[in-house]
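**Q** Before I ask anything, here is the structure I am working with.
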Amino acid sequence: MSQSGHQHRLHPGAASARPRHALLVRAVALALLGMGALPGGAMAHSAAGTPQQAEATRSYSIPAGSLTVALQRLGREAGIILAFSNELTAGLQSQGLNGSYAVAGALHALLAGTGLQALRQDNGGYLIQRLPAAAASGASAAAAPEAVLPAVTVTAEGGLLEELAGAYAGGQVARGGRLGVLGNANVLDAPFSQISYTAQLAEDQQARTIGDVVSNDPSVRVIVPPGFPYENMMIRGFAIDSGDVSLNGLYGVLPPQQIPVEMYERIEVLKGPNALVNGMSPTGSVGGGINVVPKRAADAPLTRLGLSYESDAQVGLRADIGRRFGANNAWGVRVNGLHSNGDSSLDGRRQREQMASIALDYRGEKLSLSLDAFHTGQDMRGGSGLFARFAGDVLKAPDAKTNLLPGAYSRFRDNGLVLRGEYEISDSTAAYASMGRRQNRRSGHLGFGPVADAGGNFTDAARSVSGYENTVSADAGLRGKFATGTVKHQWTFGVARLYSEGGTAVGFGDEFSSNIHHPAPALIPDAPVRPPRDTASTLSSVVLANTLSMLDERLRLTIGARSQRVQTDNYSYDDAGQRSTQDRYDEKAVTPMAGLVFKPLPQLALYANYIEGLSKGDTVTDETAANYRAVFAPYKTRQYEVGGKWDLGQITQTLSFYQITQPTLLRNPATAIYSDDGRQRNRGVEWNTFGQVQPGLRLLGGLAYTQAKLLKTEDGLYDGHTAFGVPRWRFVLGGEWDSHWLPGLTLNARMERTGRLFLSEENRLTLPAWQRWDIGARYESRVGGKRTVVRAGVQNVFNKNYWGSAYFSGMAALGAPRTVNLSVTTDF
């Protein structure tokens, strides 16, 4: 067995040269993994053993390699108990598993040619043992069997060390994901709306950035034009900066601009405010959270090289190399690299991108360690995505390749390092800790949104920026479990701290005249020199949470609270460059959370939650205000949500109803005093689907309805108006079909439709609804005995020009042009 266990025994006679405790721990590993893959531990003993579950088919994609690893993965994904010893499977290889199988068929396929068999047990699990000698040699099965290994009795529950959830049917999403300090949870066990996309999906869709991947969710949208250095998004109608993406739950260690996907195994979206589970994000995003999980070396060696092309002439090279070594493959190293350069789809624009990462890890019985280090660099020369404001009515969208600033440039460099460890102190307690650092340097073009008249003409000045940011982030805590009668508890206590400091300087160029449909030469100022430090902030928090499981884990209640402290120092300088003022901000707030999951059926979960988000309090910047420079306490965003999740074995449906209310600043016209009494209230319904309808046919996407209203605005001027930038409807649905007439060929298509949205709080200007089709294909075969995959895709296949979103109030962002992507990868 693999993975650590707690209460277990081998029958006498199971002698081994290894230490007794090591053998015993391994002897229950796979059973625990199987239990962890189910919605609840009780199901590993009951529902997992029903004939219906044994006969149900699932889709598997298990690579060839170590038989031990293949059996472990099957146990996790099928949710079954497997019992075997490492000595039995040591040195044996499996041909892997691809396709849909019942459990018995999957085990038969994995064990083919190994001389082993799987015997079903009374508890619904399987015991792996040697085939009788005659059967193994192809003779009569009636021959006398060889002596088999002693039976294994498993009475333990899953260990406390976190493990990545397996892929769901179809391989595009995972069976669960990270819930911040609450740890990893199965989809049906989470009292939130959460989805975790796999690296396989990112590779098959030829995704470049995190935004490309999370756009598969109807509640998530990228709200900047393609080619813009940053990748700001919106979740449930509230903005989220790319700098608010966490790595293994740790904020502040990822680049704040576009984030390449090459080094990530999972990209997880947790929708709704989540201050308790993740803490306050660096910029206070409240609509949801995005977390990425780095790749780790698998037991099977990997050497994958790739070549890519993106129109107009962007060529890229990629490498993904993984190895494990040492006793039981305890040590692993995974290296990812990317270098691309060439002309982009935007007229006159070139982009160079580079990324290098190394992931080292150790997985022991009680201890796991990891070290992730990365470097990213982006050089964008010749312009950026198009923004525009309108003096009158909204103008027709120009050609999506239009470049207003052909002389602009941007340069970014980021270096990051994260160290994480987990240790299982006892059967009931484990400790975790992580620490990360990042250095960011940036210079070049800053966002540009000119005001265009009815003919598209404008006069404006371009701006350039120089800046830096250094961050140190850490968290640590304890998690454990105990029981009070028939009630099981899983508790977590944690502390977190994020320190960041940085400086930004902006330079303005001379005014020039141009047209959004027919751009003229632009005047681009040089970037200022590196500025001194102008801000420093510390976010620190303490969290305590407990999940209570009752009724054979059919009922789960999670409660907890996080105490957060926000400290910020803002500095200003005189003409001589000497620090002249320092504004100090120091506030505290407590954010509670309660979540409930009830399973009337093993495959059906009903859930509800109340949770709060937290953002740094606003500062009054209006110089005419009576309370100018006043700083408000951190403000809380509150969410109420109910929903259901139905796992049909091969495809899952989720339905969510929610309300989120966020405070906003308002000015009293009589007193000229600002208060934080204003509100934006978003109510919505979300339907998501993922999995495969039948073998070879996969679906991914859903529908989101959002009603975003403004309340308590100044003098009631905008009460009842729709918040800017939030479409009422958004629909995304993608499908993949594996060809029967040409094995290895897969065709795919995705349709995205976004409803009309208002450009500002006045609700006077409207960006029309738009619809976009993406199509693609891939072909997998063996070339020279090596697995080779060729992929082709076309985004915006009909080359539709459209305004894609509203960025700031009144500023429209142009949509993506037709873009062709080609790639080929080979495993050596």
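The values are calculated or read from the model by the stated rules, or taken from the named source; none is laboratory data. This one's a predicted model, so the numbers in the text were calculated from it and none came from an experiment. Positions of Cβ are generated from backbone atoms using ideal geometry, with glycine treated the same way; all protein chains shown enter the neighbour counts. Note: areas computed on protein heavy atoms with side chains; ligands, DNA, RNA excluded. Shrake-Rupley method; radii C 1.70, N 1.55, O 1.52, S 1.80 Å.
**Q** Does the range 322-340 include one or more residues that are open to solvent by 60 Å² or more (accessible area, probe 1.4 Å), touching a Pro at 6+ places or on another chain (Cβ under 9 Å) and either among the aliphatic types (A, V, I, L, M) or modelled with pLDDT of 95 or more (or both)?
**A** yes
**Q** Quick check on this structure: which one of A461, A430, A397 is open to solvent by less than 30 Å² (accessible area, probe 1.4 Å) and within 20 Å of P226 (Cβ to Cβ)? Can you show your working first?
**A** Values: A461 fails: within 20 Å of P226 (Cβ to Cβ); A430 fails: within 20 Å of P226 (Cβ to Cβ).
Within the list A461, A430, A397, the selection yields A397.
**Q** Taking G316, is it in contact with a Phe, Trp or Tyr (Cβ under 8 Å, 6 or more places away or on another chain), of a type outside the set (D, E, K, R) and open to solvent by less than 40 Å² (accessible area, probe 1.4 Å)? Don't jump to the end; show me each part of the working.
**A** Values: in contact with a Phe, Trp or Tyr (Cβ under 8 Å, 6 or more places away or on another chain): yes; of a type outside the set (D, E, K, R): yes; open to solvent by less than 40 Å² (accessible area, probe 1.4 Å): yes.
Answer is yes for this residue.
**Q** Given the residues T492, T568, which is the only one that is open to solvent by less than 20 Å² (accessible area, probe 1.4 Å), under 30 Å from R178 (Cβ atoms), in a strand (DSSP E or B) and at pLDDT 95 or above? Steps first, please.
**A** Values: T568 fails: at pLDDT 95 or above.
Criteria check complete, one pass: T492.
**Q** Here is a further query. Is there a residue being surrounded by fewer than 20 Cβ atoms within 10 Å (Cβ to Cβ), out of contact with any Asp or Glu (no Cβ under 7 Å at 6 or more places or on another chain), among the basic types (K, R) and closer than 30 Å to R463 by Cβ anywhere in the range 341-355?
**A** no
**Q** If only one of Y230, Y251 is closer than 22 Å to S357 by Cβ, open to solvent by 10 Å² or more (accessible area, probe 1.4 Å), at pLDDT below 90 and not aliphatic (A, V, I, L, M), which one is it? Reasoning before the result, please.
**A** On the way: Y251 fails: at pLDDT below 90.
When all the criteria are applied, what remains is Y230.
**Q** From the list N186, N248, N216, pick out the single residue that is touching a strand residue (DSSP E or B) at 6+ places or on another chain (Cβ under 8 Å) and closer than 30 Å to E469 by Cα.
**A** From the options N186, N248, N216, the qualifying one is N248.
**Q** In addition: Consider only pairs whose beta carbons are under 8 Å apart and that are at least six residues apart or on different chains; among these, list those whose first residue lies in the range 749-767 and is more than 18 Å from N801 (Cβ to Cβ) and at pLDDT 95 or above and whose second residue is in a strand (DSSP E or B) and β-branched (V, I, T).
**A** A749/I775; R750/V732; R750/I775; F758/T722; F758/T766
**Q** Do we have any residue at all in the range 126-135 that's modelled with pLDDT under 70, out of contact with any strand residue (DSSP E or B) (no Cβ under 9 Å at 6 or more places or on another chain) and assigned to a helix (DSSP H, G or I)?
**A** If we filter the range 126-135 for residues that are modelled with pLDDT under 70, which is where we start, we get 133-135.
Pick out the ones that are also out of contact with any strand residue (DSSP E or B) (no Cβ under 9 Å at 6 or more places or on another chain) and you get 133-134.
Of the ones still in play, those that are also assigned to a helix (DSSP H, G or I) are 133-134.
Yes, the range 126-135 has at least one match.
**Q** If I ask for residues that are in a loop (DSSP other than H, G, I, E, B), more than 23 Å from R818 (Cβ to Cβ) and open to solvent by 40 Å² or more (accessible area, probe 1.4 Å), which ones from the range 749-767 would you list? Show your work before the answer.
**A** Just the residues of the range 749-767 that are in a loop (DSSP other than H, G, I, E, B), to begin with: 755-756, 759-765.
So of that shortlist, the ones also more than 23 Å from R818 (Cβ to Cβ) come out as 759-765.
Answer for the range 749-767, where residues must be in a loop (DSSP other than H, G, I, E, B), more than 23 Å from R818 (Cβ to Cβ) and open to solvent by 40 Å² or more (accessible area, probe 1.4 Å): E761, E762, R764.
**Q** Test of understanding: among A388, A400, which residue is small (G, A, S), assigned to a loop (DSSP other than H, G, I, E, B) and either at pLDDT below 95 or touching a helix residue (DSSP H, G or I) at 6+ places or on another chain (Cβ under 9 Å) (or both)? Before you say what the answer is, go through the steps one by one.
**A** On the way: A388 fails: assigned to a loop (DSSP other than H, G, I, E, B).
Sole residue among the options that is small (G, A, S), assigned to a loop (DSSP other than H, G, I, E, B) and either at pLDDT below 95 or touching a helix residue (DSSP H, G or I) at 6+ places or on another chain (Cβ under 9 Å) (or both): A400.
**Q** Which is of a type in the set (A, V, I, L, M), closer than 30 Å to T619 by Cβ and surrounded by 15 or more Cβ atoms within 10 Å (Cβ to Cβ), of A672, A708? Give the derivation first.
**A** Details: A672 fails: surrounded by 15 or more Cβ atoms within 10 Å (Cβ to Cβ).
One residue alone meets the criteria, A708.
**Q** When you scan the range 664-686, do you find a residue that is closer than 20 Å to G170 by Cα and not in a loop (DSSP other than H, G, I, E, B), even just one?
**A** Narrowing the range 664-686 to residues closer than 20 Å to G170 by Cα: none.
Among the residues of the range 664-686, not one is closer than 20 Å to G170 by Cα and not in a loop (DSSP other than H, G, I, E, B), which makes the answer no.
**Q** List the residue pairs whose Cβ atoms are under 6 Å apart, where the first residue sits in the range 396-419 and is charged (D, E, K, R), the second is outside any loop (DSSP other than H, G, I, E, B), and the two are 6 or more positions apart or on different chains.
**A** R411/D379; R411/S443; R411/G444; R413/G377; R413/R441; D414/T376; D414/N440
**Q** Please tell me if Q205 is in contact with a Leu (Cβ under 6 Å, 6 or more places away or on another chain) and open to solvent by 10 Å² or more (accessible area, probe 1.4 Å). First the steps, then the outcome.
**A** On the way: in contact with a Leu (Cβ under 6 Å, 6 or more places away or on another chain): no; open to solvent by 10 Å² or more (accessible area, probe 1.4 Å): yes.
When the stated conditions are applied, Q205 does not pass them.
**Q** On the given criteria, is A769 touching a Leu at 6+ places or on another chain (Cβ under 8 Å) and of a type outside the set (S, T, N, Q)? Reasoning before the result, please.
**A** Details: touching a Leu at 6+ places or on another chain (Cβ under 8 Å): no; of a type outside the set (S, T, N, Q): yes.
In short, no.
**Q** Do we find a residue being among the aliphatic types (A, V, I, L, M), over 12 Å from the mean Cα position of the chain (by Cα) and closer than 24 Å to K599 by Cβ anywhere in the range 215-232? Give the derivation first.
**A** Restricting attention to the range 215-232, the residues satisfying the condition of being among the aliphatic types (A, V, I, L, M) are 220, 222-224.
Subsequent filtering for residues that are over 12 Å from the mean Cα position of the chain (by Cα) retains 222-224.
Then keep just the ones that are closer than 24 Å to K599 by Cβ; that gives none.
No, that holds for no residue.
**Q** Okay, next question. Among the strands (runs of 3 or more DSSP E) lying completely within the range 768-828, list those that include at least 2 residues that are among the β-branched types (V, I, T) and surrounded by fewer than 16 Cβ atoms within 10 Å (Cβ to Cβ).
**A** Working: elements: 770-783, 786-795, 803-806, 812-814, 819-827.
Correct list: 770-783.
**Q** Kindly indicate whether S193 is more than 27 Å from E163 (Cβ to Cβ) and either out of contact with any strand residue (DSSP E or B) (no Cβ under 9 Å at 6 or more places or on another chain) or of a type in the set (S, T, Y) (or both).
**A** no
**Q** Next question. Going by the structure shown, is Y362 at pLDDT below 95, open to solvent by 10 Å² or more (accessible area, probe 1.4 Å) and aromatic (F, W, Y)? Talk me through it step by step, then tell me what you get.
**A** Numbers: at pLDDT below 95: no; open to solvent by 10 Å² or more (accessible area, probe 1.4 Å): yes; aromatic (F, W, Y): yes.
In short, no.
**Q** While we're looking at this one, here's another question. Looking at the structure I just gave you, is T746 touching an Asp or Glu at 6+ places or on another chain (Cβ under 8 Å) and open to solvent by less than 20 Å² (accessible area, probe 1.4 Å)?
**A** On the way: touching an Asp or Glu at 6+ places or on another chain (Cβ under 8 Å): yes; open to solvent by less than 20 Å² (accessible area, probe 1.4 Å): yes.
Criteria met by T746.
**Q** I'm trying to understand the selection: among the residues of the range 214-269, which are part of a loop (DSSP other than H, G, I, E, B), touching a Pro at 6+ places or on another chain (Cβ under 8 Å) and either without any contact (Cβ under 8 Å) to a residue 12 or more places away in the chain or among the small types (G, A, S) (or both)?
**A** Matches in the range 214-269: G252 only.
**Q** Sort through T303, T283 and tell me the only one that's at pLDDT 95 or above and either open to solvent by less than 30 Å² (accessible area, probe 1.4 Å) or touching a strand residue (DSSP E or B) at 6+ places or on another chain (Cβ under 9 Å) (or both).
**A** On the way: T283 fails: at pLDDT 95 or above.
Answer to the check: T303.
**Q** Here is a further query. From the list A536, A520, pick out the single residue that is more than 24 Å from the chain's Cα centre (by Cα), farther than 25 Å from D244 by Cβ and modelled with pLDDT under 95.
**A** On the way: A536 fails: farther than 25 Å from D244 by Cβ.
Every option except A520 fails the conditions.
**Q** What number of residues in the range 84-115 are assigned to a strand (DSSP E or B), of a type in the set (A, V, I, L, M) and open to solvent by 10 Å² or more (accessible area, probe 1.4 Å)? Write out each step before concluding.
**A** So the first thing to find is which residues in the range 84-115 are assigned to a strand (DSSP E or B), and the list is 93-94, 97-102.
Filter once more, keeping what is of a type in the set (A, V, I, L, M): 97, 102.
Then keep just the ones that are open to solvent by 10 Å² or more (accessible area, probe 1.4 Å); that gives 102.
Count: 1.
**Q** From the list P525, P532, P521, which residue is open to solvent by less than 30 Å² (accessible area, probe 1.4 Å), touching a Phe, Trp or Tyr at 6+ places or on another chain (Cβ under 8 Å) and part of a loop (DSSP other than H, G, I, E, B)?
**A** On the way: P532 fails: open to solvent by less than 30 Å² (accessible area, probe 1.4 Å); P521 fails: open to solvent by less than 30 Å² (accessible area, probe 1.4 Å).
Answer to the check: P525.
Table: residues versus (1) touching a Lys or Arg at 6+ places or on another chain (Cβ under 6 Å); (2) modelled with pLDDT under 95.
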| site | (1), (2) |
| --- | --- |
| T664 | no, yes |
| A670 | no, yes |
| E686 | no, no |
| V693 | no, yes |
| L699 | no, no |
| Q707 | yes, no |
| D719 | no, yes |
| R728 | no, no |
| V732 | no, no |
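**Q** Taking the criterion of being more than 31 Å from the chain's Cα centre (by Cα) and either hydrophobic (A, V, I, L, M, F, W, C) or over 22 Å from V277 (Cα atoms) (or both), would at least one residue in the range 542-549 satisfy it? Explain how you work it out, then say what you get.
**A** Of the range 542-549, the ones more than 31 Å from the chain's Cα centre (by Cα) are none.
Taking every residue of the range 542-549 in turn, none turns out to be more than 31 Å from the chain's Cα centre (by Cα) and either hydrophobic (A, V, I, L, M, F, W, C) or over 22 Å from V277 (Cα atoms) (or both).
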